[in-house]
1. Select from the stretch 53-90 the residues that are part of a helix (DSSP H, G or I) and touching a strand residue (DSSP E or B) at 6+ places or on another chain (Cβ under 7 Å) and write down the one among them that is farthest from Val15 (Cα to Cα).
2. So which residues in the stretch 33-52 are within 23 Å of Lys13 (Cα to Cα) and basic (Lys, Arg)?
3. Considering only residues of the stretch 21-52 that are part of a loop (DSSP other than H, G, I, E, B), on the phi < 0 side of the Ramachandran plot and at pLDDT 95 or above, which is surrounded by the most Cβ atoms within 10 Å (Cβ to Cβ)?
4. Which of the residues that make up the stretch 31-61 are touching a residue at least 24 places away in the same chain (Cβ under 8 Å) and of a type outside the set (A, V, I, L, M, F, W, C)?
Amino acid sequence: MRVYVKLFATLQKIVNSEVIIEDAFNVKEVIQKLIKRYPLLEGELLDEKFALRDDYIFLVNGRNIYFLDMENTLLQNDDKIRIFPPIGGG
């Protein structure tokens, strides 16, 4: 099984293209594999308790994981995960 992960805004300085993650069955496994491949993401995506940061937006096929099953959201082949950091401006 494979899923496609794309990061946006400031995260693109670390990963500037879509990433394919193999053999991950939920969001937590995808994040773990992503951090293993790109260690700089750990401080960006995880808080001091190593939980997903709640100020980031994690989407699976356009649906926010906060309205699904959070990091335990199950994935299917070819799902698309999008990660957005907080963005300020005015």
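1. Out of the qualifying residues, it is Asn72.
2. Within the stretch 33-52, Lys33, Lys36, Arg37 qualify.
3. Among those that are part of a loop (DSSP other than H, G, I, E, B), on the phi < 0 side of the Ramachandran plot and at pLDDT 95 or above, it is Ala24.
4. Tyr38, Glu44, Asp55, Tyr56
The values are calculated or read from the model by the stated rules, or taken from the named source; none is laboratory data. In this text the structure is predicted, and so the values were computed from the model without any measurement. As a convention, Cβ positions derive from the backbone with ideal geometry for all residues, glycine included, and neighbour counts pool all protein chains shown.
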